[in-house]
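Right, one structure below, let's go through it.
The values are calculated or read from the model by the stated rules, or taken from the named source; none is laboratory data. Since the model is a prediction, treat every value here as computed from it, not as a measurement. With ideal geometry, Cβ positions are generated from the backbone for all residues, glycine too; neighbour counts draw on all protein chains shown. Surface areas here come from the heavy atoms of the whole protein model, side chains and all, with no ligands, DNA or RNA. Shrake-Rupley method; radii C 1.70, N 1.55, O 1.52, S 1.80 Å.
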Amino acid sequence: MHSSSSEISGTVFGADRPPGVPGADIRRLIRGVVAPLATLVQLAVQMAAAGETVDVIEARLAAMIPRCRLYFLVATLEYLAKGGRIGGAQALLGSVLQIKPILTLRDGRVEVLERERTHKRALARLQELVLTQIPRDGSGHLCVMHADVPEQALALAEELRGPLNLPPLPIFDVPPAIVVHGGPGILGVSFFV
């Protein structure tokens, strides 16, 4: 998540100010998708409500962006192959061998972080990544994301919440524009280190 969300979405506007908002102090800063974006927006609102200036809010959010981690699993490699994210032969071989990649976003692109055999192992490794990387002081703002697997998302949130001694975790639906590329069954996490 170190680059503009324009790498993965066509919704970033090109002008300094969107049309129809004359005189507004709008700054393009927030980068990302789904849960990290929601977290940054929520933190900005909280800081504004606490009386922080726009410059302070912008600086704090800018410092958080490079510290974001987003990891996710897909139920099948079929959609990644159809979208050109992986080759058809790689998808076929991965399906035959039950390879389940743990994916991440780097520089606005989906990349394979690790590969595991079976969904169960990939999910266990995903949990391990979170538990070994997230700060233990509550500053990680851990969220869970999913595409049409709410029960799995809730189970993952509960599995992570306990060892970290956190209140119930936010769970977000992955938007359709992302589901097109990853397919139904996406299950992921985001947090800040």
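Numbers below:
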item: Residue within region 114-133 that is under 15 Å from residue 36 (Cα atoms) and open to solvent by less than 10 Å² (accessible area, probe 1.4 Å) present; result: yes
item: Contacts under 7 angstrom Cβ, first residue in region 36-64 being hydroxyl-bearing (Ser, Thr, Tyr), partner open to solvent by 50 Å² or more (accessible area, probe 1.4 Å), 6 or more apart; result: 39/141
item: Test: residue 148 is surrounded by 13 or more Cβ atoms within 10 Å (Cβ to Cβ) and among the charged types (D, E, K, R); result: yes
item: Residue among 163, 175, 170 that is of a type outside the set (A, V, I, L, M) and either surrounded by 15 or more Cβ atoms within 10 Å (Cβ to Cβ) or at pLDDT 95 or above (or both); result: 170
item: Count of region 65-86 residues which are modelled with pLDDT under 90 and surrounded by 13 or more Cβ atoms within 10 Å (Cβ to Cβ); result: 13
item: Matching residues, region 24-49, being open to solvent by 80 Å² or more (accessible area, probe 1.4 Å) and either assigned to a loop (DSSP other than H, G, I, E, B) or at pLDDT below 90 (or both); result: 25, 27, 28, 31
item: Total residues in region 134-145, condition open to solvent by 50 Å² or more (accessible area, probe 1.4 Å) and either in contact (Cβ under 8 Å) with a residue 40 or more places away in the chain or touching an Asp or Glu at 6+ places or on another chain (Cβ under 6 Å) (or both); result: 1
